[in-house]
Amino acid sequence: ISIPEQLLMLAVYLAIPEVENHRRAQNITAGMRRAFKEGRYVVSAPKGYKNGRDHNDKPILQPNDDAKHIQEAFELLATGLYNQKEVLTKLREKGFKTSKSAFSRIIRNPIYHGDIYIKAYKDEKEMVVKGIHEPLITKSLFNKVQVIIDGRKKQHKAIHKKVNDKFPLKDFILCPKCHKPLLASSSKGRSKYYSYYHCAKPCDT
């Protein structure tokens, strides 16, 4: 490195491995996305499946011992009689091991009815393709569960208004003329403040 020109060669030698690693990573990503588009799930298998090989020695998902628990989870949720926590408790009693957050992702994953979700990448938009693996449930059952779950979320979504201590009846009592919720105001007299309810104009009751 005592010769300045040698520093250029040193920089090239140091950069070549980094370029190779970057190119290798891009090739792996491209290969995985190509496999996904062909309907092959080539990353770590989700709950209920294991990574296996088909007759051409290519990767394919295969149901494992947890598959029956996944099927039961969807069947119980589809009845509308149980929420996610209750279903997970029942499955844990039968030996199914997973966390509450992971279970929420499981029942939202389309892979169990045969589809594979592919994330957006560069100029490619996200997409869903038909997988070649064996589905654990039907698509109609999956969709039914999604409707029930979304319905439960809407039922539990409540809007709470802050109650004004000075006017506790505001928005609760109606105008006898126009039947709209009364407003509340305060005005200062000679010695103290006065609070009263009134209707908005043009009614002005």
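Side notes on the structure shown:
For every residue, the table says whether it meets (1) surrounded by 10 or more Cβ atoms within 10 Å (Cβ to Cβ); (2) in contact with a Ser or Thr (Cβ under 9 Å, 6 or more places away or on another chain); (3) under 30 Å from residue 125 (Cα atoms).
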{"site": "2", "(1), (2), (3)": "no, no, no"}
{"site": "9", "(1), (2), (3)": "yes, no, no"}
{"site": "32", "(1), (2), (3)": "yes, no, yes"}
{"site": "45", "(1), (2), (3)": "yes, no, yes"}
{"site": "52", "(1), (2), (3)": "yes, no, yes"}
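- Residue within segment 55-65 that is touching a residue at least 40 places away in the same chain (Cβ under 8 Å), touching a helix residue (DSSP H, G or I) at 6+ places or on another chain (Cβ under 7 Å) and closer than 20 Å to residue 139 by Cβ present: no
- Candidate set: segment 129-144, residues that are farther than 16 Å from residue 34 by Cβ and among the β-branched types (Val, Ile, Thr); chosen: the one surrounded by the fewest Cβ atoms within 10 Å (Cβ to Cβ): 138
- Strands (runs of 3 or more DSSP E) within segment 117-205 that include 3 or more residues modelled with pLDDT under 85 and not hydroxyl-bearing (Ser, Thr, Tyr): 183-188
The values are calculated or read from the model by the stated rules, or taken from the named source; none is laboratory data. Everything numeric in this text was worked out from a predicted model, so none of it was measured. For neighbour counting, all protein chains shown are included, and Cβ atoms are generated from backbone atoms with ideal geometry for every residue, glycine included.
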